[in-house]
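Structure first, commentary second.
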Amino acid sequence: MRDAARDYFDESGVCLLSEGLTEGEARLAGRLNCQFFLREIVHCAMAYLHGNPDDVAMGNRILDQARLSSCDFSTTCLIKTVLSVGPRLTAKTRKKLRNHIAGQLTEIRKQHNSFVGCNDNFPAMATFIFSVGGELLNNRQAMQDGLDNLHSLADQLGRRGFMGEYNSPTYSGVTLHALSETASRVKHPQARRLAKELTHRVWLDVASHWHPGISFHAGPFSRAYHANSTAWDGLTSTVMWLALGDDIICGPLDRVFGPNAADSLETRSGNLPFAQAVFTGYAGTTYRIPDAIGELALRKRYPFRVTGTTECGTFHDGDFKLQANGAYVHIPGRSVDYGADASTTTTFMQPDYALGTVTKTFLGGGQCDACFAIWRRRHRVKQWSDVRSLFTRYLINDARPENDDNRGLLMHRGLTFTVQDDARALVLMHPAGTQRQQVHTLRLALVMQERTSPVDEIWFGDRRLPGHDGESATPDWVILRDGPVLVALYPLAPTDTGRKVLMRSGQENGYRVISFYNRQADEPRDYGIEESQVIQNGFVCEISTVRREGSARAFLRKLRQAEMVDSTILESRRVAYRRGGREMLLWIDPARQSIKAAAVNNRAVGGEPLKIDGVNLRDVPLLGRGPAGTSLDWLTRIASRPGIPGLEGVGGRRVEE
């Protein structure tokens, strides 16, 4: 990192990449070209401070020049810096860092920085800052805040299989880092015990969803970035590599520092320096994965199944105003409110593939891969091109892979509901219930990267598509053959609001996209809230192998025997799919984002908080444990923290009108 960073700073320690701006200033100025600001600057300083005397002097200069502001990522790193290389800091730098940490112990003491079921990596970092930063500065209030946060998450994982921000290829790694650091450094006995138990639970989430033959996470993902959805590397797999070594194939060193960096997705998106700094910041932690969980991650017996319940908090998404008092107020008709709810994740793995779903999208669903399939194209996976993933998005107008203005994040603009029966899934989609202006395209998109190589075969029913491009005005099975795997997709009665075709296969920016259209028109039109709420889309997915089925045509003959019904009863949508004596049912109210029934063979899903093949639930820390502590004082103290109205979960676009 020190070698790479010599191009990122001048001799005085000023960061050249951020042009002297904070992230907020760069965003407002439209100059967010490279994600390299305070967090990344602090990570680089840490790398310098572990070097020779000249490097140490440079690390101090970088920290002296840095404009410290409220950022849980950077504050976490600064506490680690003071504790691990404190003697290498100058008196001036040490005082600056300690003063900043002291201010943050008060600044971040808010209700949303407890585990309310939103972006849980932030309360995880806050827990480290409170617990370890509080002990560093002998701040008893902060130490209590850290312990209360630990009780909050322990309480949640007593009744749920996974935390709110479950199985994220990016943010589970952030949470593992924060809890691992807390467990290693905090001195309070109860806080240390709870931190160890909670770290165990997050490791269990990550390991149970890891496919060792593919060497990537199986879905579903609570929050994923575009690189994660394409089965590229992520922070969580980096943490796994740091814990388990080269059993995790496609490790991060070559990707961000080695000869492959020039061709990496990070370089293509302009974020290679960011990836280098993040890797450095998380590499300085000792990750202790329990032996049994390490075995679970690397040595699975197939078929392998895991299901677990989770819960998420309230979320608001759309245009909002920031009030003078700090409150977030969303503009009526231009935002949608998502209520707090619980859901169930289901993952099924075979040696060649994995399919994962969640009954309802996490928060607003923008980053949620609620249905995610991944498979290996070759028996032995050595590199990215040996793997393919399929992820889903509801897209509006010109949104395309790697053509979005949100840091390579192809945002999902709809609501998703699912039910899964092993290698089959029923997936319903609706656009989020808000006004839509000047809309010319509405579509459900099933996305696969083809930058490395094309999918082997694509069929629309009995017709194999030459060149893989094609379209159809009528619904039929779409079958993909890719390596040893067969993936079948069938559109579920997409509402026609003005389209030219129903199904289309095409390549967009190096990605194969199968589209099921609601609208595809030359002239745009507006949609009101009520009209938007009744637009429906969705699909059935089945995955198998060439070894089992013989060919795409043979698989199609079996699929044609399926029965399916997609009906509206009063205000609810009821969909059933039956084949081979197995039935999936999904009954939803899309306007109210609620599920009346999700069942397999008429048995409701989600009856048990956690079930993992080969894992004895009696060995799972916290699960089924009663209320945390001897009283509920921890909950009273969290409720008494200052709150910012509208900020339990907020997303969208800030407007000044």
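The values are calculated or read from the model by the stated rules, or taken from the named source; none is laboratory data. Owing to the predicted nature of the structure, the values given are computational and were not obtained by experimental measurement. No Cβ is skipped: glycine too gets one built from the backbone with ideal geometry, and neighbour counts run over all protein chains shown. Ligands, DNA and RNA are excluded from the accessible area calculation, which covers all protein heavy atoms including side chains. Shrake-Rupley method; radii C 1.70, N 1.55, O 1.52, S 1.80 Å.
Shape of the range 343-395 from its Cα gyration tensor (a ≥ b ≥ c, root eigenvalues): rounded if a/c is under 1.5, otherwise prolate when a/b > b/c, or oblate? Oblate, since a/c reaches 1.5 and b/c is not below a/b. Estimated from the Cβ-Cβ distance and a Förster radius of 25 angstrom, the FRET efficiency linking Ala91 and Ser12 is about 0.85. When the Cα centres of the range 468-547 and the range 149-182 are compared, how far apart do they sit, in Å? Result: 35 Å between the Cα centres. Apolar share of the accessible surface for the range 211-250: 52 percent from carbon plus sulfur atoms, 1.4 Å probe.
Looking at the square roots a ≥ b ≥ c of the eigenvalues of the Cα gyration tensor of the chain, which shape do they give, rounded for a/c under 1.5, prolate if a/b is larger than b/c, or oblate?
prolate
Per-residue 3J(HN,Hα) values for the range 540-555, derived from phi via the Karplus relation 6.51 cos²θ - 1.76 cosθ + 1.60 with θ = phi - 60°, read 9, 10, 10, 10, 8, 10, 5, 4, 7, 9, x, 6, 5, 5, 5, 4 Hz in sequence order (x marks Gly and Pro).
Distances between placed amide hydrogens fall under 5 Å for Thr545 paired with Leu486, all partners being 5 or more residues away or on another chain. Taking a ≥ b ≥ c as the square roots of the eigenvalues of the Cα gyration tensor, the range 510-642 is classed as oblate, since a/c reaches at least 1.5 and a/b does not exceed b/c. Based solely on its DSSP helices, what 222 nm [θ] is calculated for the chain when runs of n ≥ 4 H residues each add -39,500 (n - 2.57) and the sum is averaged over all residues, nearest 500 deg cm²/dmol? Helices in the chain give a 222 nm mean residue ellipticity of -9000 deg cm²/dmol. Given R0 = 35 Å, the distance between the Cβ atoms of Arg268 and Gln190 translates into a calculated FRET efficiency of 0.15.
Scoring 213-220, 8-15, 566-573 by mean Cβ neighbours within 10 Å over their residues and listing the highest first yields 213-220, 8-15, 566-573. Only lysines eight or more places from Lys360 in sequence, or on another chain, were considered; those with a Cα closer than 21 Å are Lys596, Lys611.
Short-range pairs are left out: with C-alpha atoms under 8 Å and at least six residues apart, the relative contact order of the chain is 13 percent.
Expressed in nm to one decimal, what extension gain is obtained for the pair Ile529 and Ala639 from 0.36 nm per residue of sequence separation less their Cα-Cα distance?
The Ile529-Ala639 span can extend by a further 36.2 nm.
Scoring 520-531, 224-235 by mean Cβ neighbours within 10 Å over their residues and listing the highest first yields 224-235, 520-531. Using R0 = 45 Å, the C-beta based FRET efficiency linking Gln111 and Gln438 works out to 0.75.
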